[in-house]
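The values are calculated or read from the model by the stated rules, or taken from the named source; none is laboratory data. As the structure is a computational prediction, the values presented were derived from the model and not from experiment. Cβ placement follows ideal geometry from the backbone for every residue including glycine, while neighbour counts extend to all protein chains displayed. The protein model used for the area step is the full one, side chains on, heavy atoms only, and it has no ligands, DNA or RNA in it. Shrake-Rupley method; radii C 1.70, N 1.55, O 1.52, S 1.80 Å.
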Amino acid sequence: FASSSSSSSSFASSSSSFRSAVDDDDDDGKLHDCAVVLVAPRFAGSIGSVARSCAAFDVPEMRIVNTKCKDHTCRKARGAAAGAQGLLMNANMYDTLEDALGDHDDGLCFVVPGSDAANACQSMHSSPRSAYTKWKKQTNKQNQNRRKLCLVFGAENTGLSEEDAAKCRYGGAQINHSANIESLSLPHAVSVALWDMYRPDDDHM
């Protein structure tokens, strides 16, 4: 019981520290106005790894829809989330993608180019960065700073369904890679997408 209490304390401390860092840093280059949404994730390790990526790129919120994982906060998930256990423990759970997006936030889904899900998207952006840049300008122009861009990823084995892709109001984005593989793993896809959105402008690199 002492060990369990200590672990809970460390999770709370991690969560508090993460939220404090987000609150204290208003840099527009950070992804504080984004949330990562996982639809029907199957593996605890994947969920934990995604939490770690979110923390690495200043995404303050995870939303999990209809998870197939028995315990997304198990030891394996917490280990994979090293340094981001608080974000993992505080992930918001939903039954449907509609509930996760709500009436206010915009959904941007990540799909395999040429797939049925890609064809179901309301529009397609050439990269995560181009999608985020356009969305940011649009929300600033409309003075809707409380709106979030929800980055929607499908399950490890099946990806996102056509039905769920069509529900994402801001359309879809693709992650370009070689033809050596059919698709990226869920944690890798999230990491690449967030890095592309987070990285400095090319002329500042």
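A few remarks follow.
For every residue, the table says whether it meets (1) closer than 15 Å to V50 by Cβ; (2) among the hydroxyl-bearing types (S, T, Y); (3) in contact with a Cys (Cβ under 8 Å, 6 or more places away or on another chain).
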{"site": "G107", "(1), (2), (3)": "no, no, yes"}
{"site": "N119", "(1), (2), (3)": "no, no, no"}
{"site": "H125", "(1), (2), (3)": "no, no, no"}
{"site": "K141", "(1), (2), (3)": "no, no, no"}
{"site": "N145", "(1), (2), (3)": "no, no, no"}
{"site": "T158", "(1), (2), (3)": "no, yes, no"}
{"site": "L184", "(1), (2), (3)": "yes, no, no"}
{"site": "D196", "(1), (2), (3)": "no, no, no"}
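- Note on the stretch 30-63: residues that are open to solvent by 10 Å² or more (accessible area, probe 1.4 Å) and in a loop (DSSP other than H, G, I, E, B) amount to 10.
- Of all positions in the stretch 156-167, at least one carries a residue that is crowded, with 22+ Cβ neighbours inside 10 Å and either aliphatic (A, V, I, L, M) or free of Cβ contacts under 8 Å to residues at least 40 places away in the same chain (or both).
- Whichever residue in the stretch 78-114 is among the small types (G, A, S) and within 18 Å of S191 (Cβ to Cβ) and, among such residues, is nearest to the chain's Cα centre (by Cα): A91
- One residue stands out among those in the stretch 125-149 that are exposed (fewer than 15 other Cβ atoms within 10 Å of the Cβ) and within 13 Å of Q174 (Cα to Cα): the one that is farthest from the chain's Cα centre (by Cα), which is S126.
- Search result, residues across the stretch 68-97 that are under 16 Å from E156 (Cα atoms), in contact with a Lys or Arg (Cβ under 8 Å, 6 or more places away or on another chain) and open to solvent by 30 Å² or more (accessible area, probe 1.4 Å): K68
- Filtering the stretch 176-195 to residues that are over 16 Å from V59 (Cβ atoms) and either open to solvent by less than 100 Å² (accessible area, probe 1.4 Å) or in contact with a strand residue (DSSP E or B) (Cβ under 6 Å, 6 or more places away or on another chain) (or both) leaves H177, S178, I181, S183, L184, S185.
- Set R75, R63, R147: member being modelled with pLDDT of 95 or more, more than 22 Å from N176 (Cβ to Cβ), touching a helix residue (DSSP H, G or I) at 6+ places or on another chain (Cβ under 8 Å) and of a type in the set (K, R): R63
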